[in-house]
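Structure first, then comments.
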Amino acid sequence: MTSAHMFEHAFNALPGACALLDDEGRIIAVNARFKAGFSEHARPGTSLAQLYCDPLDGLTAKWKRPRSASSDQLSDTALLRGHDGEPVAVRLHLRRTEPGVRLVTIEPAMDLSQRDLQMRAARKRVAMAFEEHSEGAYSADFRSRQVVVSGLLERFVGPGGADAPVRLARWLSLFHPADLARARGVLRGNPSGADTVISFFCRMRTREGGWVPMRHDVRVVERDEAGNPLRITGLVHDVAADDRAEALAGIERSKTQLIVNALALSTWTFDFETINGTISGPVNLALGASPDPQVIGETVVRSRLHPDDSERVYAAFMGLQFGGRFDETFRLRAESGHWIWFRSWGELEPSAGDERRSLKAFGFWHELRHHRDDIVEALDSDLADVLDRAGLGSWSYDYVAREVTLTSPALTAIGLPGEQLTLPADEFKARIHREDQPRVRDALLAIANVGNTHVEFRVRTEGGHWIWLSLRGGISAQTSSGEPLRASGVFAETTVRKEHERRLVDSERLLSLAVSAATLGAWEVDYKAGEIMPRGEIRAIIGLENETGWIPISRWRACVHPSDREALEQTARDIMGSAPGESRTIEYRIQDARSGEYIWVEGRASRLGPESHRADCAGIILDITDRKALEQDLAHSEERLARALESAHQGTWRLKIETEQVELSEFARLIMGLPAGHDGKLNLDEWRDLICREDRHLCEAGVSAMLAGEPLNTVYRVADGQGGWRWIEDRGGVSAYGERGEPLEAIGTLVDITSRRVLELELEEREQRLNESMDAGLSAIWSIDLKTGAQSVRGRLLEWMGRKIGEDTLEAADWQPIIHPDDSRLARKALAEIMAGRAAGPIDYRLRDGENWRWVRSKGQPTAWDETGKPIRSGGVVIDITAERQFAEALDIERDRLRQIYTTTPVMLASTDPDGILLGVSDYWLSTTGYERDAVIGQPYNDFLTPASQAALERLGGMKALIAAGGMEDVYAQLRKADGSIIDIISSATVERSPYGSPVAVHGISIDVTEKLAQDRELKRYAAELERTNRELDRFAAVASHDLQEPLRKISAFASLIKRRHQGTLDTETDRSLEFLVDAAGRMRRLIDDLLSYSRASKRPLAVNAVDMDAMMKDILAELELMADDAAANIEISSLPVVDGDPTLLRLLMQNLFSNALKYRKGEGVSVSISAAREKNGWKFTVADDGIGFDPRFSEKVFAPFQRLHGREEYEGTGIGLAICQQAVERHGGQIWVETAPGEGSRFHFTLPLTLPADGSRAA
């Protein structure tokens, strides 16, 4: 049975109606029960949805929904059409068996009524409508003129519209007349089946009277004979809502991107479950990557953090997963090796609505271009001064010990002694105002849940009055699972004067703005006094680093570029005329007193409210010199790009998105392979057809991303007109948008990058080969700058040095710890050659790999030269040859072992080259021939053979024939020894070949057969003598059979005649003598007959035939019937097989054994059994009796000729029968033996093989 049939039988044996579906719901195969239940509708290739009674149910089935279709298992209920067309309530169980294939099992739903199923289907349709963001679903019956609606369609038909059918006329009145006519035309003109979705757009009137654009996705369930729809079902989507939401989302995204770009921010995301994230923007340049989004792990960034910042930033960042915010300033090592200051801040993404906290975070990076340690120290000093003046103290709360620790000056404010004091939590709680205690308790709980808190409360002093304290802080220590261990922070007395409090708040806000925005500083202006107060680095820029306090506004104005002063003053007037908090921005140039050059700055300011102590407005200053330089470079780049495109003939294209029409420039037509004279106008399908089929999806994905707001940047192939492919780089983007933000037009360029792509592919192939070489044993590649001595290494050798991949810059001293002491001199000599600009190597030496030494082979040579031809750089490779050296050592050991075996083995071994010149001989060869080794090696092997043997080998073809045949076997020759004597040898040889198949050597083995041949000759002489003797015995037997039988017949005849004539006339003695004479003559005749039979049994060839032993025994029983009757024998013969053998010999064998069993009985009656049993190599026969038996000592003797254990007066016979039996068995290749004991009978066993040669080859 084939595997296909086995699958079909197994599939049909499954319980229930089963079918295999693809991911689209199309039927692949069905079993017998499925065919019986749904035979009319179930065909491979059709959709399972066609079996649903209501096509809308099939459209919204659970297994077709995007959210559940990807599940490996799901169940659903449905009303399906049976083979008779009647509805059948069923349960569907779907299980994914392999990618792209699902098994559906359909079972009757006996406990569900059709009404329940209909209600479930209706609820499912409504859920599906909401799930897909649709307005609802409806089913229209044109025969009954009724429409059933569900979902949010009630906004059109009124409240309760889903409870009862709506008249068709009322439903149609909700459609715009122009759109209704078009919809009717679409439905009539589309003859598709019930499983085809027809989409059209139609405006519908709400109950308020407004028109809303809607998209209808419907199926025509029934049609009349003319093709007109009779019943339709469908879903309705609010297109306007989708467009509005998408437009708003696009606007928000654009705003966010503008802000990020303006501030030169980098964005990051991080998943605490996978410990991986992405980062994009300018910070990527510091990490040695492009600004595009890059996947990065936490270990990569941590490895680049400054050692003083690493633990602090890492702990703060990993603590983000338990809530709160992350905001840290730190140093990061750039690709160039310098340290750059950054600030990064972020928080967790909002959860999806469930109780589980999100473990995905997002945030921003910003480079602090002018951040210096002295600035940080100055800010720290200012903050410390502010804290001191504000009377701030620190606190901490131990969640385990439930203790509060306070430090002065907070203790002084409360009236407690000492610089630091630890109180039990209950004692501190007792000092808090009763009304404020719940607020403090909630604040501590907020710390545990959120990570930080701020609370103000009243505390009773030692004097008994109440003062206000403001407490701020957060979690400072927590377990690995996020449980809080300690919270800490600062708190201050807040009952001091409001003026100090406002100044403290203003100072903190200004300092926070300065740090967070990476500004040059902050400032405040008092227009009444005509003074300005700069803070931060801006003071050093305008020459105030040694001054403090406010300065005249005129002094600030003098530092501004003359061309920008009027604009700055106008902006100041606008600020004072605006409302408090309304921001203004201006860009202008200010002179740097340190260098005398003007730098570009951006000022951001707003008017302050009446709560300000002195200043009228305040703001910050950003250094935008780099941005302005970039803008200027961008302008120059755009200008150069325009000229380059014009001169380089790069192709351009323009896409009208609404019409999907593409216009190509002249050079773009050439790139795309359009024929000469083509106007360059195509639609998107025609453009798609020009692209290589394998790359079309790349272009389609790029265009889709471009329409979604992403830039187009894709590479694909087009035909080059010569049977090959041309690589094209396509870049572009949306250039025009409509009023609602929809893309209208896109433009871009086409560049032929075939040459670049070929080089890239070659580079990838080289890189792959390099990596393969590294894996195959290339441990490193290195280069040395001959001027500086700087070395660069790539490969596994870095691991041997204890370095990480990427730490590839070395010095000469880095090699010394891993070079074997015995090889260091050799390595230094090679390095000197390299530094002298000369080639070195290959050299073999040892390097340390952990606790082991590895053999490597290194070579190098100059790779770059200066203008004068002097080498300036050398490079080379280091190859791990440890395995090679180990193999070579093992090979040497094996070669020595084989050489020892070759020379000492007690066999004559000899090896020659393809021309027959001896390369080596064994010691046994030399000892046998008597030659010395020096007298043999290098001599032709044939010189040691006798002339007759040389001639015989030449007749066989000599060495050429031997090499062509690959060797020789058992060739006879004669070898002349050193003393001149001749020995006979039998030789065999084999040919050794090189890896390329050419002969390398011939190895032979010879055996001295001189004595064996002499023995063979002696055996042949003995055989001839034996043959002569046998012939004489044959003649004797023939003579005996005639010459001896004739006198015996006459003696017997005359003795019988005398006895008959003179019986009773002679005396008694004479009568008895005559009887002895007659008996002796008879016995002599039988003896001669038996002897002849024995002789013939041993000489005649076997006449092998198939012998039926059963039939043979029946014949023997018939012949010996009288003898068996006389012996009163009980004979039992089992089923005997058919065997291969000589019928005559087998008959003699069985007849003698059977007659002996009858003869040697104990009295009247004997039991005889004959059986056969199959063995591994043949048959085993047994002839058993319960006769007299005999002593087991004579078990061998009884098979000798003429050997008897009983007298003739007891049992007649000649003693030749068992000898014939043995002869017959051994002639057949078997064995015969006996098991016996006196008085217990005998069991004769013999074996016969399964098959014998049919030519009688076993003849003696």
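The values are calculated or read from the model by the stated rules, or taken from the named source; none is laboratory data. For clarity, every value in this text was computed on a predicted model and none was experimentally measured. Because the Cβ atoms are built from the backbone with ideal geometry, glycine has one as well, and the counts that use them run over all protein chains shown.
Does ALA890 meet the test of being hydrophobic (A, V, I, L, M, F, W, C) and surrounded by fewer than 13 Cβ atoms within 10 Å (Cβ to Cβ)? Yes, satisfied. Against the conditions (1) within 18 Å of ILE532 (Cα to Cα); (2) at pLDDT 85 or above, ARG604 satisfies every one except (2).
The residues of region 782-809 that are outside any strand (DSSP E or B) and among the aliphatic types (A, V, I, L, M), listed by number, are LEU786, ALA790, LEU797, LEU798, MET801, ILE805. Here ILE575 passes the criteria (1) of a type outside the set (Ser, Thr, Tyr); (2) surrounded by 13 or more Cβ atoms within 10 Å (Cβ to Cβ); (3) under 60 Å from the mean Cα position of the chain (by Cα) except the one numbered (3). Return a yes/no flag: does region 1157-1173 have any residue that is surrounded by fewer than 21 Cβ atoms within 10 Å (Cβ to Cβ), touching a Ser or Thr at 6+ places or on another chain (Cβ under 7 Å), at pLDDT 85 or above and more than 13 Å from SER1242 (Cβ to Cβ). Yes, that holds for at least one residue. If I filter region 409-425 for residues that are in the same structural domain as GLY473 (by TED's automatic domain parsing), assigned to a helix (DSSP H, G or I), at pLDDT 80 or above and surrounded by 15 or more Cβ atoms within 10 Å (Cβ to Cβ), do I get at least one hit? Yes, that holds for at least one residue.
The residues of region 132-147 that are modelled with pLDDT of 80 or more and under 56 Å from the mean Cα position of the chain (by Cα), listed by number, are SER139, ALA140, ASP141, VAL147. Quick one: in region 578-595, which of the residues that are in contact with a helix residue (DSSP H, G or I) (Cβ under 6 Å, 6 or more places away or on another chain) and β-branched (Val, Ile, Thr) is surrounded by the fewest Cβ atoms within 10 Å (Cβ to Cβ)? Across region 578-595, the extreme among qualifying residues is ILE586.
Applying the condition of being modelled with pLDDT under 80 and over 19 Å from ALA572 (Cβ atoms) to region 608-628 and asking which residue is surrounded by the most Cβ atoms within 10 Å (Cβ to Cβ) yields ARG627.
For first residues located in region 1216-1243 and assigned to a helix (DSSP H, G or I), partners that are of a type in the set (Phe, Trp, Tyr) and surrounded by fewer than 23 Cβ atoms within 10 Å (Cβ to Cβ) and lie 6+ apart or on another chain with Cβ distances below 7 Å form the pairs LEU1218/PHE1199; ALA1219/TYR1094; ALA1219/PHE1199; ILE1220/TYR1094; GLN1222/PHE1199; GLN1223/TYR1094. Is it true that ASN1152 is in contact (Cβ under 8 Å) with a residue 12 or more places away in the chain and closer than 15 Å to MET1113 by Cα? Yes.
Tally time: how many residues in region 1006-1034 are polar (S, T, N, Q), out of contact with any Asp or Glu (no Cβ under 7 Å at 6 or more places or on another chain), part of a helix (DSSP H, G or I) and at pLDDT 85 or above? Of the residues in that region, 1 qualify. Checked against the criteria, GLY966 does not count as closer than 23 Å to THR904 by Cα and either within 60 Å of the chain's Cα centre (by Cα) or assigned by TED's automatic domain parsing to the domain that holds SER911 (or both).
One line per residue, one yes/no per condition, for (1) acidic (Asp, Glu); (2) under 30 Å from ILE1005 (Cα atoms); (3) free of Cβ contacts under 8 Å to residues at least 40 places away in the same chain; (4) assigned by TED's automatic domain parsing to the domain that holds GLY795:
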| position | (1), (2), (3), (4) |
| --- | --- |
| ARG854 | no, no, no, yes |
| ASP866 | yes, no, yes, yes |
| GLU894 | yes, yes, yes, no |
| ARG897 | no, yes, yes, no |
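Identify all residues within region 972-1002 that are under 17 Å from MET959 (Cβ atoms), β-branched (Val, Ile, Thr) and surrounded by fewer than 17 Cβ atoms within 10 Å (Cβ to Cβ); write none if there are none. Answer for region 972-1002, where residues must be under 17 Å from MET959 (Cβ atoms), β-branched (Val, Ile, Thr) and surrounded by fewer than 17 Cβ atoms within 10 Å (Cβ to Cβ): THR990, VAL1000.
Could we say that ALA1001 is in a helix (DSSP H, G or I) and either hydrophobic (A, V, I, L, M, F, W, C) or modelled with pLDDT under 85 (or both) here? In short, no. For region 709-727, the condition holds for at least one residue, the condition being that it is at pLDDT 85 or above, surrounded by 15 or more Cβ atoms within 10 Å (Cβ to Cβ) and either assigned to a helix (DSSP H, G or I) or basic (Lys, Arg) (or both). Entry remark, region 835-870: residues being in contact with a strand residue (DSSP E or B) (Cβ under 6 Å, 6 or more places away or on another chain) and among the hydroxyl-bearing types (Ser, Thr, Tyr) number 2 in total.
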